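Here the structure comes first, spelled out in structure tokens, and everything after it is commentary.
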Amino acid sequence: MTRRLGGLSTTRTALIAVGLLVSAAFMYVAVRDAHLGQTWEEIRSVEYGWLVPALALLALAFFIRGIRWRSLFSPETKPPLGPVMSSQFVGYFANAVLPVRAGDAASIVALNKSARTPVAEGTATVLVERAEDVLSLVFLLFVMLPWLPHVGWLQGAGFVGLALLVALALVAAAVLRYGDRAIRLLVRPLRWLPFVPQHALDHAPAHFVRGLTGLVSLRVALVSFAWTTLSWIVLGIGFWLVMKASGLSLSPLAGVLVVIGIGLAMILPSSPAAVGVFEGATVVVLSAYGVADSEALSYALVLHALNVLPLFVVAAGIVVVRRLRVRADLNRTPVEPASAPSRAR
């Protein structure tokens, strides 16, 4: 038992170390040819008025992605939209403070607590989400290709998309052919872990297969893929507005290309908030448009702050509201008067 727990701890430590190395490598790419003094001057000259509509579009993209996640559940177990949105926010915030995209696990746990969605089912929907994210990004990349500058990482993106598509087709075929029998074989080793409830494992295969509705149902797959693609386009327009704020005279397609570059780079494990990966991917994408690294880095830093800082503001607001509610509840609770001591006779 101790050996198994030690193995899990070692794996987690290794993932965190790899994530830090990946972030460091991307950050090196971002800053190696940039002049930090010029980068700071570019940040100071940002027209912050453009950031207001950009932030609104980022919020809209968040809402669309919540609808997308909900669309991946089967009609019988579809959770309410409110818990889905709040759980998604938990995941986003966790990704901002924890390494190796631990926010996905946090959102699954949050949805289990708020809507009683089985962990196995939530896990399956999140896996389908991530697969759709990559496929949608690759799809957009090839659709926009005639209007894009030379993209050096096009072949790699195409290979990733093709490999993922084949893998998803094989999984869908296995689920349609064998149902949850294959999943039962995969979860059997989990019965050795002392902290995993055995009753949950009994139902986990069926719940997991039910969460793959977005993979085996063509209608659900098309609807969720459409929501996914729309969210990337909305996000890309928001990124383009940040370009306007930074003085970059590029087309809206450049904003979508930045979304694609960052999204594909985030497949790799990284540090909290994808620090380094976000900046490095942005600088690489903008280099295709001939944007100098100093200017590209300033844009990346402003864009990254716009994506992360609102999460902390909202989280702080939630904490304040909850404390005020607790205080109000305490003030409304009647205090029973103490009984007068009886006189001794």
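Just so you know, all these numbers are worked out from the coordinates, no wet-lab data involved. Because the structure is predicted, anything quoted here is derived from the model rather than measured. As a convention, Cβ positions derive from the backbone with ideal geometry for all residues, glycine included, and neighbour counts pool all protein chains shown.
Structure notes:
- Residues SER217 and SER114, FRET efficiency given R0 of 25 Å [Cβ-Cβ distance, rounded to 0.05]: 0.50
- Net +/- balance of residues flanking LEU297 in space, Cβ distance below 11 Å, scoring K and R +1, D and E -1: -4
- Computed over the chain with a Gaussian network model linking Cα atoms closer than 10 Å, the most mobile of PRO75, PRO272, PRO118 is PRO75.
- Contact order, relative form, for the stretch 21-324: 36 percent (alpha carbon pairs under 8 Å, 6 or more residues apart, mean separation divided by residue count).
- 3J(HN,Hα) couplings calculated from phi for the stretch 207-221 with the Karplus curve 6.51 cos²θ - 1.76 cosθ + 1.60 (θ = phi - 60°) are, in sequence order, 5, 5, 4, 5, x, 8, 3, x, 9, 9, 9, 4, 5, 5, 4 Hz; Gly and Pro show x.
- Using a simple spin-label model with pseudo-atoms 7 Å out from Cα toward Cβ, THR77 and HIS203 lie 0.9 nm apart.
- Zone residues, the stretch 103-143, relative to ALA163, backbone N less than 11 Å from point 7 Å out along Cα-to-Cβ: none
- Here VAL313, VAL209, VAL275 are placed in order of increasing Cβ neighbour count within 10 Å, fewest first, which gives VAL313, VAL275, VAL209.
- At full extension, TYR48 and ALA226 could sit 60.9 nm farther apart than now, given 0.36 nm per residue minus the alpha carbon distance.
- Once the Kirkwood radius over Cα pairs is known for the chain, the Stokes-Einstein relation at 20 °C and 1.002 mPa s delivers a diffusion coefficient of 96 µm²/s.
- Extension gain, ALA182-ASP329: 0.36 nm per intervening residue step, less the Cα-Cα distance, totals 47.9 nm.
- Residue of SER107, SER298, SER287 that the Gaussian network model of the chain assigns the largest fluctuation, springs spanning Cα pairs under 10 Å: SER287
- Estimated from helices alone, the mean residue ellipticity of the chain at 222 nm is -25500 deg cm²/dmol (sum of -39500 (n - 2.57) over DSSP H runs with n ≥ 4, per residue).
- Applying 0.36 nm per residue to the separation of ALA14 and HIS150 and subtracting their alpha-carbon distance, the gain on full extension is 45.4 nm.
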